[in-house]
Each structure stands twice: as C-alpha cells, then as structure tokens.
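**Student:** Structure provided below as structure tokens; questions to follow.
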Amino acid sequence: MLRSPLPAVQDLEGDRVPPGLPPVVDAHVHLFPDELFASIRDWFDRHGWPIRYRLKAQDSASFLLSRGVTRVVALCYAHRPGVSRGLNRFMARAGGFDPRIIALATVYPGEPGAREILEEAFQSGLAGVKLHAHVQCVPVDGPATGEVAAICAEHGKPLVLHAGREPRSPAYACDPHEICGASRVERLLRAHPGLRLCVPHLGMDEYAEHRRLLEAYDNLWLDTTMALAGYFPAPPPPPLASFRPDRVLYGTDFPNIPYAWDRELRRLAESGLADRDLARILGENALELFGAEP
C-alpha cells in the first residue's frame, strides 16, 4: 500500500526508441483535459509519486510519437457520474488530432444512460472503453461493470479495466483489495465470454494468478504498465517470457510516471525475448486488440 508518496527517479532518458526494435505501440497513455490533468497530478503528488512529465494532452502524445513510438492508445476515466460525455468528446477530438492516436471512451459504471453514452462514443470513432476500479470504486465483477462489459461485447469493443489490486492507496474512497483481484476478473470473463478484456499492470500484484488466467481465457490480455520498471517496493513479476506472448501489450502510464519515459522500453529491449515475441508485445498485439492498422 502507498501510505506516503514514493520518490522520483532521476534516471537518464533516451532521445528515441532504442535502435533495432520492431514498431512500438504504447498501449497505456493517459490524456485528460487540462484542468482534470492538473487535479490528477496534484493527487499523485500527495498520495502516489511525483509525476515527471507535466505535459498537456496534445503534448503528451506528441512527445512519444516524436521519439519513435508509432502509435499510442489514449485512455481516460470518469471519476464521477455525469462527466463521461464531456470526456468522450475530448477523447474523440484527441483521436482526430493525429491518426496515430487510438482513443478510448469511458463511462462511470452504473450512471444513468451508460448504454447511450457508450454508443455515442463508439459512433464518434472511439475504439474501446477504459474503467478504473480503484478510482470508480465499483467491483470488477459487479453488475455495473457487467453492464459495461456486455455493451463492449455487443459492439465488439475491448474493455481496458484496472482490475488488479495494486497499487493501493488509503487515499482512494474504497479498498481496491475488496473490489479487485484475479478471482473477480475470472468471474467477469466467465459471465461475458464475448468480451475482450485487457487488465493493466500485468494484474499487479497477483501476477501468477493473472498469468494463469491468460492460459485459460483467450479473451484476456494484460499490459506491462509500470510492472517492469522495478519502481515499486514489492516483488517483481515473473519473467515476461513465461506469459503468453500473443496476449501481452507494452504500456507505460505516460505521462503520469516518476521515471524516464523509455525505462521499461529499454528493459524490454534487453530482456532476451525472442524477436517474434518482442514484436507482438511491443506493437502487434495492441493493433490487433484495438482493431487498428499498422
């Protein structure tokens, strides 16, 4: 549990994607309207970690794209009912800013008109849905999340759901350990076999349990976000080579990170993964999941 802010890391950053890598898609980049971005950064400063890249939304995507990342998957989440439509309009504009941005919608699970909100978002070109159980305080396997999962399955859109128990903070309005976890993820997958679900952070902290779910469910993906950085004072995940290479996406949480933008990318470049597996993890799997062209 993050009982106090973790420190910044003043590691060196590269100017470009490391040479010799296959095309890189960052499948976990956060974009928010400026005022909301400022509030999120204030929360992280007080309860999480000092954010190194204090960029506006347009600049965040441009930062990565100008350094050799070929596509970014842009995520936001509704922190309360009533803000989803505005956030989805913002995300649709972000997706129109650059064709290399794959923008996702959000909704607050259980809010009135959730179906209409998401169907409007899909009509505007948004490629999936992002939920954050820690922030929204909605059980991963509860009926409100299930409604969103059913709508995503019906429309063939993936759901990115922060369903792992960590990182956990007493500053959240609920205890993530009580509403998240691999067992709840499995109940959601069983209830919605047509859903394509991506769980960020390799399912932190239940890495082995989520790895098992990857073997059992072909409609589950995991992303690597912050799990490979060696930043958290906790046991690391198992070697990435032990996970299904066709079901893992590279992601960063940029710009809301306390270390260099390419920290995890450099670790992947040096990981010894087979070339084919590295190509899948760094880009191909994300393009397939979100239905995007190379």
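The values are calculated or read from the model by the stated rules, or taken from the named source; none is laboratory data. A quick note: this is a predicted structure, and the numbers were derived from the prediction, not measured. As a convention, Cβ positions derive from the backbone with ideal geometry for all residues, glycine included, and neighbour counts pool all protein chains shown.
**Student:** Which count do you get for residues in the range 119-169 that are polar (S, T, N, Q) and in contact with a His (Cβ under 6 Å, 6 or more places away or on another chain)?
**Tutor:** The number of residues fulfilling the criteria is 1.
**Student:** Output the residue which, of all residues in the range 68-93 that are among the charged types (D, E, K, R) and over 25 Å from ALA173 (Cβ atoms), is nearest to the chain's Cα centre (by Cα).
**Tutor:** Across the range 68-93, the extreme among qualifying residues is ARG71.
**Student:** Related question: Assuming ALA191 fulfils every condition listed in (1) touching a Cys at 6+ places or on another chain (Cβ under 6 Å); (2) surrounded by fewer than 23 Cβ atoms within 10 Å (Cβ to Cβ) apart from one, which condition is it?
**Tutor:** (1)
**Student:** Within the range 237-273, work out how many residues are among the small types (Gly, Ala, Ser) and free of Cβ contacts under 8 Å to residues at least 24 places away in the same chain.
**Tutor:** 0
**Student:** Listed residues ARG263, ARG190; which is out of contact with any Lys or Arg (no Cβ under 6 Å at 6 or more places or on another chain), more than 23 Å from ASP11 (Cα to Cα) and of a type in the set (D, E, K, R)?
**Tutor:** Answer to the selection: ARG190.
**Student:** Which residue pairs have Cβ atoms closer than 6 Å, lie 6 or more positions apart in sequence or on different chains, and pair a first residue in the range 11-27 that is within 16 Å of ARG52 (Cα to Cα) and surrounded by 10 or more Cβ atoms within 10 Å (Cβ to Cβ) with a second residue that is among the acidic types (Asp, Glu) and at pLDDT below 95?
**Tutor:** Taking only residues 6 or more apart or on different chains, not a single pair turns up.
**Student:** State yes or no: is ALA153 modelled with pLDDT of 95 or more, within 19 Å of GLU288 (Cα to Cα) and part of a helix (DSSP H, G or I)?
**Tutor:** Considered against the rule, which asks whether it is modelled with pLDDT of 95 or more, within 19 Å of GLU288 (Cα to Cα) and part of a helix (DSSP H, G or I), ALA153 comes out as yes.
**Student:** Is it the case, given these coordinates, that PRO5 is touching a Phe, Trp or Tyr at 6+ places or on another chain (Cβ under 8 Å), modelled with pLDDT of 95 or more, closer than 23 Å to GLY164 by Cβ and surrounded by fewer than 19 Cβ atoms within 10 Å (Cβ to Cβ)?
**Tutor:** no
**Student:** Tell me yes or no: at least one residue of the range 275-292 is modelled with pLDDT of 95 or more, in contact with an Asp or Glu (Cβ under 7 Å, 6 or more places away or on another chain), closer than 23 Å to LYS130 by Cα and buried (at least 21 other Cβ atoms within 10 Å of the Cβ).
**Tutor:** Scanning the range 275-292, I find at least one residue that is modelled with pLDDT of 95 or more, in contact with an Asp or Glu (Cβ under 7 Å, 6 or more places away or on another chain), closer than 23 Å to LYS130 by Cα and buried (at least 21 other Cβ atoms within 10 Å of the Cβ), so the answer is yes.
**Student:** Would the range 126-134 turn up any residue that is among the small types (Gly, Ala, Ser), in contact (Cβ under 8 Å) with a residue 12 or more places away in the chain and either assigned to a loop (DSSP other than H, G, I, E, B) or closer than 30 Å to ALA279 by Cβ (or both)?
**Tutor:** Looking for residues that are among the small types (Gly, Ala, Ser), in contact (Cβ under 8 Å) with a residue 12 or more places away in the chain and either assigned to a loop (DSSP other than H, G, I, E, B) or closer than 30 Å to ALA279 by Cβ (or both), one finds at least one in the range 126-134, hence yes.
**Student:** Touching a helix residue (DSSP H, G or I) at 6+ places or on another chain (Cβ under 9 Å), more than 19 Å from CYS198 (Cβ to Cβ), part of a loop (DSSP other than H, G, I, E, B) and among the hydrophobic types (A, V, I, L, M, F, W, C): is that true of ILE117 in this structure?
**Tutor:** no
**Student:** Assess whether LEU202 counts as being within 25 Å of TYR77 (Cβ to Cβ), in a helix (DSSP H, G or I) and not polar (S, T, N, Q).
**Tutor:** Yes; evaluated as a whole, the condition is true for this residue.
**Student:** Here's a follow-up. Tell me, yes or no, whether the range 40-50 has at least one residue that is under 16 Å from the mean Cα position of the chain (by Cα) and either closer than 28 Å to ARG266 by Cα or crowded, with 17+ Cβ neighbours inside 10 Å (or both).
**Tutor:** yes
**Student:** Shifting gears a bit: Out of GLY283, GLY251, report the one residue that is in a loop (DSSP other than H, G, I, E, B), closer than 23 Å to CYS152 by Cβ, in contact with a Ser or Thr (Cβ under 8 Å, 6 or more places away or on another chain) and not β-branched (Val, Ile, Thr).
**Tutor:** GLY251
**Student:** Which condition does ALA61 not pass, out of (1) touching a residue at least 60 places away in the same chain (Cβ under 8 Å); (2) buried (at least 18 other Cβ atoms within 10 Å of the Cβ); (3) under 25 Å from LEU268 (Cβ atoms); (4) not aromatic (Phe, Trp, Tyr), if it passes all the others?
**Tutor:** For ALA61, the exception is condition (1).
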